[in-house]
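Undergrad: Below you will find the structure I want to go over with you.
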Amino acid sequence: MKILVYGAGVLGSQLAHVLVRGGNDVTVMARGKRAEELERDGVVIRHVFQFRTTVDPVRVTRELKAEDVYDLIFVVMKYNDFPSVLPILANNRSTNIVIVGNNADARSMQTYLEDNSPVDKRVAFGFHVSGGKRHKDRMMSIGGGKGLMVIGALDGKILPLLDQAFAKAKYKLDVMKDIDAWLKSHLIPILMLNAVSFNEERELKKLEGSREQLLHMIGALDEGIAVLEAMGIDMIPRAQAKLIRKHKRLLYLLLKIYSMLPVHKLVAGSYGEIEAMDRAFTDWKSVTKVPTPHWDALRRDFTIL
Ligand SMILES: NC(=O)c1ccc[n+]([C@@H]2O[C@H](COP(=O)([O-])OP(=O)(O)OC[C@H]3O[C@@H](n4cnc5c(N)ncnc54)[C@H](OP(=O)(O)O)[C@@H]3O)[C@@H](O)[C@H]2O)c1
């Protein structure tokens, strides 16, 4: 299958690797130095926990022209980067598009693509469950197993081509009935963890892990669920909401352990994306008028958001 991976960063590179190994004809859309690296070396990934490095040659393009038609386009970038590529995607004559990554407003992105394209657009939204960061000219992956994408379409019908694209890839698609609810739910812990993980210089810092901080973190998660509920959204996965609301001691313990581990240093953070997601969450809070004293305390005492 002819596939474009639009965005050749950490997770786009991982996805390109999976799709190439799955027997697809993969082109990667990249720019600047990254495009040069990919042309010279292919997609080079260091799989940190598997102690191996993979190299996959790919076709590289620096531009998506209107007439460049692909069976499937995966757009893999930060939430705040999507607006800059939506006009290019709308203008392009390919039909099937999967927008992969954190996303606070899937509906408006889909509407934009549908309203501004000369062809019918079929859009799905996904989240590639993995992590990693850039290291010089290669990507570090901390993904485990064969790989997984949480995925769905807003109208409930997933693109039929997706199964075909991953048929030989040993990669799992976890299809959600309500991907928008999943993506919005996902935003709550991400924002909370980022709120306590960066200093004023926007550098990663060690979590304090004090009792006061951990209790505010748990309280903020609970308030996040309340905001979603006020918008008519039940947090997905349900087990996460149950952990936050009914098993606070266990959650406390898990966050305490997390605060002591260096694992979050292996995950690339992006302040621009966090700011954009925080703006969306701030809108939800003001529309729903749900009181959020724990978020306010995190903001005041521990965070720069
Ligand atoms: N990395 C992780 O550990 C991790 C873990 C969980 C979830 N996620 C989420 O997954 C999503 C993708 O993250 P990521 O880490 O893969 O991001 P990333 O490394 O920043 O990759 C995004 C890529 O998109 C490219 N791009 C952005 N705007 C573009 C444009 N207008 N035209 C062409 N290319 C453009 C960037 O190019 P340049 O390199 O030229 O800027 C970059 O290569 C995000 O929502 C992120 O939060 C990431």
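Values in this text are rule-based calculations from the coordinates and carry no lab data. Because the structure is a prediction, the values reported are computed rather than measured. Here Cβ is always computed from backbone atoms with ideal geometry, including for glycine, and neighbour counts include all displayed protein chains.
Undergrad: What percent does the relative contact order of region 2-177 come to when contacts are Cα pairs within less than 8 Å and at least six residues apart?
TA: That works out to 24 percent.
Undergrad: While we're here: Counting only C-alpha contacts under 8 Å and six or more residues apart, can you give the relative contact order of the chain as a whole percent?
TA: On the way: 538 pairs, mean separation 50.0, N = 305.
The value is 16 percent.
Undergrad: Per DSSP helix of 4 or more residues, -39500 (n - 2.57); summed, then divided by the residues of the chain. What does that give at 222 nm, rounded to the nearest 500?
TA: Details: 11 runs with 131 residues, N = 305.
Here the helix-only value at 222 nm equals -13500 deg cm²/dmol.
Undergrad: For Lys184, which lysines qualify as cross-link partners when the Cα separation must be under 17 Å and same-chain residues fewer than eight apart are set aside?
TA: Straight-line reach from Lys184, under 17 Å: Lys78, Lys242, Lys285.
Undergrad: Then there is this: Assuming 0.36 nm per residue, please report the length gained on full extension of the stretch Asp155 to Lys246 beyond their Cα-Cα distance. Numbers along the way, then the final one.
TA: On the way: separation 91, 0.36 × 91 = 32.76 nm, distance 3.19 nm.
Gain on extension, Asp155 to Lys246, equals 29.6 nm.
Undergrad: Here is a follow-up. Take the Cα of Asp283, step 7 Å along the line toward its Cβ, and report every residue of region 77-121 whose backbone nitrogen sits under 18 Å from that point.
TA: Residues passing the 18 Å test: 78-87, 101-115.
Undergrad: Loop-only check: which chymotrypsin sites (Phe, Trp or Tyr not before Pro) in region 1-73 are DSSP coil with at most 16 other Cβ within 10 angstrom? If you can, show how the numbers build up before the last one.
TA: Values: sites: Tyr6, Phe49, Phe51, Tyr70; in loops: Phe51, Tyr70.
Filter output for region 1-73: Phe51.
Undergrad: Still on this structure: Could you tell me the ratio Rg/Rh of region 1-133? Both radii from Cα atoms, Rh via Kirkwood. Let's see the in-between values first.
TA: Numbers: Rg = 14.5 Å, Rh = 15.1 Å.
Rg/Rh for region 1-133 comes to 0.96.
Undergrad: Grab the beta carbon distance between Lys133 and Glu229, set R0 = 30 Å, and tell me the FRET efficiency rounded to 0.05. The partial results should precede the final answer.
TA: Working: r = 34 Å, r/R0 = 1.14.
That pair, Lys133 with Glu229, gives E of 0.30.
Undergrad: Just going by the charge dipole of the chain, with Lys and Arg at +1 and Asp and Glu at -1 on Cβ, which of Phe74, Leu250, Ala280 is farthest out on the positive end?
TA: Checking the options against the dipole of the chain, the answer is Leu250.
Undergrad: Please list, by residue number, every one of the trypsin sites (Lys or Arg not before Pro) in region 131-190 that is coil in DSSP and has at most 12 other beta-carbon atoms within 10 Å. Spell out each step's value before the answer.
TA: Details: sites: Lys133, Arg134, Lys136, Arg138, Lys146, Lys157, Lys168, Lys170, Lys172, Lys177, Lys184; in loops: Lys136, Lys146, Lys157, Lys168, Lys170, Lys177.
Answer in residue order: Lys136, Lys146, Lys157, Lys168, Lys170, Lys177.
Undergrad: Moving to a separate point now. With each label point set 7 Å from Cα along the Cα-Cβ vector, what nm distance links Glu208 and Val119?
TA: Rounded to a tenth, the inter-label distance reads 5.3 nm.
Undergrad: Could you tell me how far the Cα centroid of region 3-50 sits from the Cα centroid of region 88-135, in Å?
TA: If you average the Cα positions of each part, the centres end up 18 Å apart.
Undergrad: I need the GluC sites (Glu not before Pro) found in region 11-111, filtered to DSSP loop residues with at most 10 other beta carbons within 10 Å of theirs. Each step should come with its number before you reach the end.
TA: Values: sites: Glu36, Glu37, Glu39, Glu63, Glu67; in loops: Glu63, Glu67.
Answer by residue number: Glu63, Glu67.
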